[in-house]
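**Q** Sharing a structure, written as structure tokens. Questions coming.
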Amino acid sequence: MNPMFPDLPDCDKHPATVGMDFHFDQNGISEEVLRNYLSRAQNCNVFNDPEITEEDLRMLFTTGAKMWSRAYTPWKMTGAEYKSFDWMRKTMAAVHEADPDIVFENCIFETAYRSVEEIAIPPETFRAFGLEPEERNFSYEAMCFPDGRFLGWWGPDTSVPDITQLETQLWFYHRACLFIDLGFECIHFGQMMLVCKDDVGFVIFDRIIRMIRDYARDHARRGWILVNAHIYDDRVGNTDRLICDFHISPTRGLPPIGSVAHKPTEYAQEIELLAGHFDAIYLDSVGGVTPSGWRTSSLPYLIELDNAGGFEENEWLDAPCWPKQTEWYKGGWWGYDEIGWFAIQPGDYRRKWLRYAWHWIKNIDGFGYCQMPGHRPAVGYAGPNGELCNEVQYLAHRVGDVETMAQIWLEDHAEWERSRKQGAEK
């Protein structure tokens, strides 16, 4: 019996995952286990909205998700945020009692806000860098690029942090250790190509991740922390050694040629996936030696329906556009961001498109996996007069998409079983 939801199957007997290996430890994660996790990854902001956390949990146990991506997404960091950490710890502990294989993911994004100055630097963070502890809070200015690049990038008093600055290194290390202590076993590092603009060969990024892995060896639930970022080539210097355990990328796609302007309330605004457009990772995930020690010609990767906002005053809203490689967001998804586009499509098309995306991504090069959407900020027609609203959440469990996701995974599991049986017979 599932101790959290008695009406659902036992976690170790879920038909979408039964028999699959999800074991990893302080020595790393095998390719088979990593692929098993990526094949059962679902994006769900479990800790972003406590009022619907129980709904989120039920959905994830229903689909059989094992990697709970973006469980928490602290884009803007404040001192008040730390008050919710005890609740997160207790919730994760309860989930892990039901299913110890589940991986929760947290995020350290490519953002620095002045509000970081509300947060004290713990003595152990200083000591990890060989520094004498000081009684002070983090400094926003000390995280910024010295030449002023990226100032105001996300609005007033914001910037992209510079990984070559010691303050940013202290911040990344502190946050990662904090998340590990809470029970998270995966960290997404966002657009590291921005953060590492001056980090030639990712040498500093690599050093910080190695420090975080050293901490995880003694403090993480299973002695290992899974690392990923929006990146597809993270080889260190001139070596073939990779920093990330897996890559992750936005979906990327374009309307079919010949599409005409119309609203999604009329009929679906179709999107086709394709390789080679803008920064799409398909066929381009670089291989090498993974942090766990195994070699691959291409690092396995996840594809997510990304959110970016910014549909206001978009001249391409509800119109097809085939932008230049450098202008993908101008209108490639009918003027919306990816998850916003998905959220407002007719339900039958959403579910049809999920099946299409799952199989297309799985087959394009043999290394990609379609992350199921679950709970994520989106846009929608939710204003008092039917206008667009940027505060809408995409909630799969409230729009009838969960059954399709569960069925896709059941079919994939049947294929996995057939493949395993054929391998045993040879």
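**Q** Report whether or not residue 134 is closer than 30 Å to residue 12 by Cβ and not in a helix (DSSP H, G or I).
**A** Against the criterion (closer than 30 Å to residue 12 by Cβ and not in a helix (DSSP H, G or I)), residue 134 does not qualify.
**Q** Let me ask another. Can you tell me which residue among 21, 7 is at pLDDT below 95 and not polar (S, T, N, Q)?
**A** After applying the criteria, what remains is 7.
**Q** Residues to consider are 213, 222; find the one that is in contact with a strand residue (DSSP E or B) (Cβ under 7 Å, 6 or more places away or on another chain), closer than 29 Å to residue 87 by Cβ and surrounded by fewer than 22 Cβ atoms within 10 Å (Cβ to Cβ).
**A** 222
**Q** I'm trying to understand the selection: among the residues of region 146-171, which are surrounded by 22 or more Cβ atoms within 10 Å (Cβ to Cβ) and not in a helix (DSSP H, G or I)?
**A** Correct list: 159, 160, 161, 162, 163.
**Q** Within the bounds of region 190-201, is there any residue that is within 28 Å of residue 84 (Cβ to Cβ), surrounded by fewer than 16 Cβ atoms within 10 Å (Cβ to Cβ) and either among the small types (Gly, Ala, Ser) or at pLDDT below 95 (or both)?
**A** no
**Q** So which residues in region 262-276 are of a type outside the set (A, V, I, L, M, F, W, C) and open to solvent by less than 10 Å² (accessible area, probe 1.4 Å), if there are any at all?
**A** Those that are of a type outside the set (A, V, I, L, M, F, W, C) and open to solvent by less than 10 Å² (accessible area, probe 1.4 Å): 264, 269.
**Q** Exactly one of (1) surrounded by fewer than 17 Cβ atoms within 10 Å (Cβ to Cβ); (2) hydrophobic (A, V, I, L, M, F, W, C); (3) touching a Leu at 6+ places or on another chain (Cβ under 9 Å) is unmet by residue 52. Its number?
**A** Of everything listed in (1) surrounded by fewer than 17 Cβ atoms within 10 Å (Cβ to Cβ); (2) hydrophobic (A, V, I, L, M, F, W, C); (3) touching a Leu at 6+ places or on another chain (Cβ under 9 Å), residue 52 misses just condition (1).
**Q** Within region 86-100, does at least one residue satisfy the condition of being touching a Cys at 6+ places or on another chain (Cβ under 9 Å), surrounded by fewer than 20 Cβ atoms within 10 Å (Cβ to Cβ) and of a type in the set (Gly, Ala, Ser)?
**A** yes
**Q** Let me ask you something else. Among all residue pairs at least 6 apart or on different chains, which show Cβ distances below 8 Å where the first residue, located in region 67-95, is within 20 Å of residue 122 (Cα to Cα) and the second is surrounded by fewer than 17 Cβ atoms within 10 Å (Cβ to Cβ) and acidic (Asp, Glu)?
**A** Final answer for the pair search is 74/81; 78/118; 79/118; 80/118.
**Q** Same structure, new question: Can you name every residue in region 251-293 that is of a type in the set (Gly, Ala, Ser), within 16 Å of residue 322 (Cβ to Cβ) and without any contact (Cβ under 8 Å) to a residue 60 or more places away in the chain?
**A** Across region 251-293, the qualifying residues are 258, 261, 276, 280.
**Q** Every residue in region 251-261 that is on the phi < 0 side of the Ramachandran plot, part of a loop (DSSP other than H, G, I, E, B) and either open to solvent by 90 Å² or more (accessible area, probe 1.4 Å) or not hydroxyl-bearing (Ser, Thr, Tyr) (or both), please.
**A** 255, 256, 257, 260, 261
**Q** Of all the residues that make up region 102-142, how many are open to solvent by 50 Å² or more (accessible area, probe 1.4 Å) and at negative phi?
**A** Residues in region 102-142 being open to solvent by 50 Å² or more (accessible area, probe 1.4 Å) and at negative phi: 14 in total.
**Q** If you go through region 286-308 one residue at a time, how many are over 16 Å from residue 190 (Cα atoms) and part of a loop (DSSP other than H, G, I, E, B)?
**A** 11
**Q** Right, another one. For region 118-159, give me each residue that is touching a helix residue (DSSP H, G or I) at 6+ places or on another chain (Cβ under 7 Å), closer than 25 Å to residue 80 by Cβ and without any contact (Cβ under 8 Å) to a residue 24 or more places away in the chain.
**A** 133, 134, 137
**Q** Here's a follow-up. Please work out which residue is most open to solvent (accessible area, probe 1.4 Å), limiting yourself to region 367-384 and to residues that are touching a residue at least 12 places away in the same chain (Cβ under 8 Å) and in a loop (DSSP other than H, G, I, E, B).
**A** Taking the candidates together, the pick is 367.
**Q** With the checklist (1) outside any loop (DSSP other than H, G, I, E, B); (2) free of Cβ contacts under 8 Å to residues at least 12 places away in the same chain in hand, flag the one item residue 176 doesn't pass.
**A** With respect to (1) outside any loop (DSSP other than H, G, I, E, B); (2) free of Cβ contacts under 8 Å to residues at least 12 places away in the same chain, residue 176 is out only on (2).
**Q** Okay, next question. I'm trying to understand the selection: among the residues of region 322-358, which are open to solvent by less than 10 Å² (accessible area, probe 1.4 Å) and either modelled with pLDDT under 85 or on the phi > 0 side of the Ramachandran plot (or both)?
**A** 331, 332, 334, 335
The values are calculated or read from the model by the stated rules, or taken from the named source; none is laboratory data. Nothing here was measured: the structure is a model prediction, and the numbers come from that model. Backbone-built Cβ (ideal geometry, glycine too); neighbour counts: all protein chains shown. Please note that ligands, DNA and RNA were not included when accessible areas were found on the heavy atoms of the full protein model with its side chains. Shrake-Rupley method; radii C 1.70, N 1.55, O 1.52, S 1.80 Å.
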